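Okay, so here's the structure we're looking at.
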Amino acid sequence: MGAVMEAISAQAQSPAADPGLIDDLVAANRILYDQGVVDGFGHVSVRHNTNPDHFLLARSMAPGLVTSTDIMEFDRDGNAVDQQGRAVYLERFIHSEIYKTHPEVKAVVHSHSPAVIPFGVTTVPLRPIFHLSSFLGAGVTVFEIREAGGPATDMLIRTPELGAALSRALGSAPVALMRGHGDVVVASSLKEAVFRAVYSEVNARLEAEALRLAPLGQVTFLNDEEAANATATNAGVLLRAWDLWKAKALAPAR
Ligand code: MN
């Protein structure tokens, strides 16, 4: 009986999340679709504001169609707290394992951001090509799923163990490239995570463009000091981009 009660209480919902945070998570889903970071696939989560062990994530669906009623609460192991029969993302362990092991992370974006993919499958590093992607100066890691899952996975993070391996590969980096799959972007706020996800995609496009003009050795990236300084500057202007992207992504269809 005690064990049953414990199981029930472990599933208890946290005190209600900030409605503003839920609205922001809906906007984040729509922005990431509108900006070409996610398509029918990919997901974005935010750490729960009243229970830091939990996080908020949409039910399994296309991010571009998410509304507030689709947002669900998940516990630290990636279990839905009140599933109500809804389908959940197979790869939710990306989120649960990162929140579990990186207390400073408040938001996680997982996508198959198309321009980023080539940097996960070649030795060409994803580095900051311009000031708005300066956060990449902190380093980008590459997750090789064969090291954790063997030579014959379907590339997906479908277990907590694979999520934990990805989280270890991420380390303190803002971005981990998932070879042959996509990437994961983390930040200390939801709006910053969206900013980083959008500008990771833009940086990848621009860097590939630069590499069509010149070999890697002739491309000049931001140095460490420039990257750190630009990142400090960008923190003050993040919201301008968010407001614009949100207005466009949530505008009624015409
Ligand atoms: Mn995926």
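The values are calculated or read from the model by the stated rules, or taken from the named source; none is laboratory data. Worth saying up front: this structure is predicted, and the values here are computed from it rather than measured. Counting neighbours? That spans all protein chains shown, and the Cβs are built from the backbone with ideal geometry, glycine included. Side chains included, ligands, DNA and RNA excluded: accessible areas come from the protein's heavy atoms. Shrake-Rupley method; radii C 1.70, N 1.55, O 1.52, S 1.80 Å.
If the condition is being open to solvent by less than 40 Å² (accessible area, probe 1.4 Å), within 16 Å of the ligand (Cβ to nearest atom) and aliphatic (A, V, I, L, M), then the range 116-160 contributes V116, I145, I157. Cβ-Cβ contacts under 6 Å between residues 6 or more apart (or on different chains), taken from a first residue in the range 49-69 that is loosely packed, with under 15 Cβ neighbours inside 10 Å to a second residue that is hydroxyl-bearing (S, T, Y) and modelled with pLDDT under 95, are listed as T50/S14. Are any residues in the range 210-223 surrounded by fewer than 12 Cβ atoms within 10 Å (Cβ to Cβ) and in a helix (DSSP H, G or I), and if so, which ones? R212, L213, G217, Q218, listed by residue number.
Please find, within the range 84-111, the residue that is nearest to the ligand (Cβ to nearest atom) out of those that are open to solvent by less than 70 Å² (accessible area, probe 1.4 Å) and among the basic types (K, R). Of everything passing the filter in the range 84-111, R92 is nearest to the ligand (Cβ to nearest atom). The residue of the range 161-174 that is nearest to V186 (Cα to Cα), among those that are more than 16 Å from the ligand (Cβ to nearest atom), assigned to a helix (DSSP H, G or I) and not hydrophobic (A, V, I, L, M, F, W, C), is R168.
So, A197, is that one touching a helix residue (DSSP H, G or I) at 6+ places or on another chain (Cβ under 8 Å) and either of a type in the set (G, A, S) or without any contact (Cβ under 8 Å) to a residue 40 or more places away in the chain (or both) or not? Against the criterion (touching a helix residue (DSSP H, G or I) at 6+ places or on another chain (Cβ under 8 Å) and either of a type in the set (G, A, S) or without any contact (Cβ under 8 Å) to a residue 40 or more places away in the chain (or both)), A197 qualifies. Among the residues examined, K248 qualifies as in contact with an Asp or Glu (Cβ under 9 Å, 6 or more places away or on another chain) and open to solvent by 70 Å² or more (accessible area, probe 1.4 Å). Taking first residues from the range 225-254 that are among the polar types (S, T, N, Q) and partners that are open to solvent by 90 Å² or more (accessible area, probe 1.4 Å), the Cβ contacts under 8 Å between residues at least 6 apart in sequence or on separate chains come to T233/H131; N234/H131.
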